[in-house]
Amino acid sequence: MKIRALLVGLFAVGLSAAAVAAEPIVIKFSHVVANDTPKGKAAEKFKELADKYTKGAVKVEVYANSTLYKDKEEMEALQLGAVQMLAPSLAKFGPLGVREFEVFDLPYIFDGYDALHKVTTGDVGKELLGKLEKRGIKGLAFWDNGFKSFSANTPIKKPEDLKGKKMRVQSSKVLEEQMRALGAIPQVMAFSEVYQALQTGVVDGTENPHSNLYTQKMHEVQKHMTLTDHGYLGYAVITNKKFWDGLPAETRSQLEQAVKESTEFANQIAKEENDKALEAVRASGKTEIYQPTDAEKMVFKKALVPVHKKMESRIGAETIQSIYKDTGFDPSKL
């Protein structure tokens, strides 16, 4: 009887262990934009693919629109293990101490997506992601959002039109310097606070890819937008390194495939989503959209490219030169 009782007990323990083992691994994926932006859709795609490739062994919970953490909080939450994945904008890594990432904030350093992808999918991109590991962060991929336009409540046809304007920027010394180069006053502010700040006049204008401007309804409180394409906004998909390294090898491999495919999806839809958002802003009739001529765009470029040299001591001349080499950009030819 004792042996039978022992066997029954062991069987019960085995069932309990099996139940524990069957519990899915939960990945909390937090971000600050809307679900219908390129990043929001890519996060949902990753969730779908993670479930597919791990056969339900991993459950991804996506928290959009700063519902879990705001801009300034999410990086610390990741490092502490309160969330497992983020896709913060590349400007967020400068304040973390990895200033080389601020190279992505330099105005007019990328002349379109082809030049950009030579960097983000090449050796320079891999090297930059690798620099995050000393902060307890594993860099997995780069996701595009798009190229930025300036908006304000007054027309913007030349750099001088932004002189004295209070312009919202992310927390980035490069973006602050960019605004100063135009004679504007940079105002660092969390993304979730921008609409109200524009509505109440706390700031006069901002810069955004069209999908962010439209999905956050900023076009409702901005009368003018100029298609300058002066800067790039992208994201790095990152995870807590300790969490990632602690995953079973097979699960990690499955998730890497999910990251790879969701990255291809993200970068494929980024331009398409921004084009759709631009047309939606135009159709709303709330914001007048101005397309600068090549000559007018060159005036903006000549005003802003000197920021590259000014930021060398912060970002590193070697990093900037490596981008020039990959893209073929030569500031001396402006």
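Rule-based calculations on the coordinates, nothing more; no lab input. None of these values were measured; they are calculated from a predicted model. Heads up, the Cβs are rebuilt from the backbone with ideal geometry, glycines too, and the neighbour counts pull from every protein chain shown.
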The summed charge of the S172 Cβ neighbourhood (under 15 Å; Lys/Arg +1, Asp/Glu -1) stands at +2
Can you tally the net charge around E220? Count Lys and Arg as +1, Asp and Glu as -1, for every other residue whose Cβ sits under 15 Å from the Cβ of E220. +3
Given bins 20 angstrom wide, list per bin the percent of all Cα-Cα distances in the chain, short to long. 30, 53, 12, 4, 1
On a 0 to 90 degree scale, rounded to 10, what angle separates helix 71-80 from the longest Cα axis of the chain? 30 degrees
Round to the nearest 10 and give me the degree value, 0 to 90, for the angle of helix 294-304's Cα axis relative to the longest principal axis of the chain. 70 degrees
Would you pull out the residues with amide H under 5 Å of K28's amide H, same chain only if 5 or more places away, H placed 1.01 Å from N? E61, Q84, M85
Here are some pairs, K70/K163; K157/K310; K126/K260; K52/K260; which of them have Cα atoms lying more than 19 Å apart in this structure? K70/K163; K157/K310
Once phi is turned into ³J(HN,Hα) by the Karplus curve 6.51 cos²θ - 1.76 cosθ + 1.60 with θ = phi - 60°, what whole-Hz value does each residue of region 150-166 show in order, with x for glycine and proline? 7, 9, 6, 9, 10, x, 10, 10, 8, x, 4, 5, 9, 4, x, 7, 7
Quick check on the chain: helices-only [θ] at 222 nm, where DSSP H runs of length 4 and up contribute -39,500 (n - 2.57) each and the sum goes over total residues. Nearest 500, please. -14500 deg cm²/dmol
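With an 8 Å Cα cut-off and a minimum separation of 6 or more residues, compute the relative contact order for region 24-326 in percent.
Values: 574 pairs, mean separation 81.6, N = 303.
After rounding, I find 27 percent.
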Per-residue HN-Hα couplings for region 32-49, Karplus 6.51 cos²θ - 1.76 cosθ + 1.60 at θ = phi - 60°, whole Hz, x for Gly and Pro? 10, 10, 6, 4, 9, 9, x, 5, x, 5, 5, 4, 5, 5, 4, 4, 4, 6
Of the residues G246, G112, G201, which exhibits the maximal mean-square fluctuation in a Gaussian network model of the chain defined by a 10 Å Cα contact cut-off? G246
With x for Gly and Pro, the residue-by-residue ³J(HN,Hα) of region 285-292, computed from phi through the Karplus equation 6.51 cos²θ - 1.76 cosθ + 1.60 at θ = phi - 60° and given in whole Hz, is x, 8, 10, 7, 9, 10, 9, x
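Please state the relative contact order of region 195-334 as a whole percent: Cα pairs under 8 Å, 6+ residues apart? All intermediate terms of the calculation are to be shown ahead of the outcome.
Working: 72 pairs, mean separation 47.9, N = 140.
RCO, region 195-334: 34 percent.
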